[in-house]
Amino acid sequence: MPDYLLFYHNIIFLFVIFSLAPLLLALIELGFPASVSSFKIQSKIRLPPTSFFQYYKDVMRVFLLVVDPLQLSSYPHHQGVTSCEKWWNLQFW
């Protein structure tokens, strides 16, 4: 598989991590608040479901506006660095 396809697969993995991890945390917090309260810093604070939905939307917005473009734009830079390293190794080794 070409390098760029492997590099772009990272976007899929990051999307799964960024979307499922916060959703799982929110569902556990809403469904079983007593089991999670010992791990919280402010254990007596209970948030409504709307705040969890807002948190999830914010996480997905950050992913779409920051992580995705960063991944997409960093591949050409990565490709340039590896070709430079290959040239450097050929010239001086």
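The values are calculated or read from the model by the stated rules, or taken from the named source; none is laboratory data. These numbers come from a predicted model, not from an experiment. Because the Cβ atoms are built from the backbone with ideal geometry, glycine has one as well, and the counts that use them run over all protein chains shown.
Just name the residue that is modelled with the lowest pLDDT out of those in segment 65-77 that are of a type outside the set (S, T, N, Q) and surrounded by 12 or more Cβ atoms within 10 Å (Cβ to Cβ).
Among those residues, the one meeting the criterion is Tyr75.
Specify which of the listed residues (Leu23, Leu14, Leu27) is closer than 20 Å to Ser73 by Cα and either outside any helix (DSSP H, G or I) or not charged (D, E, K, R) (or both).
Leu14 is the lone residue from the list that is closer than 20 Å to Ser73 by Cα and either outside any helix (DSSP H, G or I) or not charged (D, E, K, R) (or both).
Would you please list the contacts, defined by Cβ atoms under 8 Å and residues six or more apart or on different chains, that run from a residue in segment 41-58 that is more than 13 Å from Leu23 (Cβ to Cβ) to a residue that is surrounded by 11 or more Cβ atoms within 10 Å (Cβ to Cβ)?
Ser43/Ser37; Lys44/Ser37; Arg46/Pro33; Leu47/Glu29
Would you check which residues across segment 10-50 are hydroxyl-bearing (Ser, Thr, Tyr) and exposed (fewer than 11 other Cβ atoms within 10 Å of the Cβ) and list them?
Ser35, Ser38, Thr50, listed by residue number.
Could you say whether any residue in segment 1-11 is part of a helix (DSSP H, G or I) and touching a Lys or Arg at 6+ places or on another chain (Cβ under 9 Å)?
No, segment 1-11 contains no residue that is part of a helix (DSSP H, G or I) and touching a Lys or Arg at 6+ places or on another chain (Cβ under 9 Å).
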